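What follows is a short report on a single structure.
Quick note: the coordinates plus some simple rules give every number you see, no bench work behind them. These figures come from a predicted structure and were not determined experimentally.
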Amino acid sequence: MWLMSYITKNSIEKPLAVRGSVSNGVEGTAVNSSGEHKKLLLCQPFGVVSVPPDRHSTVVLPLEDGEVVLGVTDNSVKVNAGEVALFSQGGASIVLKNNGDVVINGKVFERE
C-alpha cells in the first residue's frame, strides 16, 4: 500500500521553469523559449508594477491554472547587497543605498 502511494507521488513530473525572450503585443506579455507562452501573469511585489521590455530574458513558471513571469534576468544595474534599485528603460533610476542615501537619476540625497 505505502509503496504504491510512494511510486504514484514520486512518478508525477513536476512543472519546470523555463527561460525565454519577452515579446509584448495586443494579447499581452508572451515569452518565447522552447515554445511560446502567451497571456502571462506577472509576479511582482505589492506596490510595484512593471512590464518587462521586449527581447529581455525572463523566467516563466507553470502553475496549475496558467503560467506566471517570475521576473527579468538582468545584471546590467550594479548594486551592493542590501541596496534596492528601480529603473526604467528610458534611463530614469532611483537607488536606495545602504548608508541611507537616495540617488535619483544620479543626484545624491544624503540621509538627514
*Starting from the Cα of K107, draw a straight line to each of the aspartates and glutamates and keep only those under 20 Å, dropping any in the same chain fewer than 8 residues away.*
E83
_Under the Karplus curve 6.51 cos²θ - 1.76 cosθ + 1.60, θ = phi - 60°, whole-Hz ³J(HN,Hα) for segment 72-82, x wherever Gly or Pro sits_ = 8, 8, 9, 10, 6, 9, 9, 9, 7, 3, x
*Amide H contacts under 5 Å for D54, placed H, 5+ residues apart*: N24
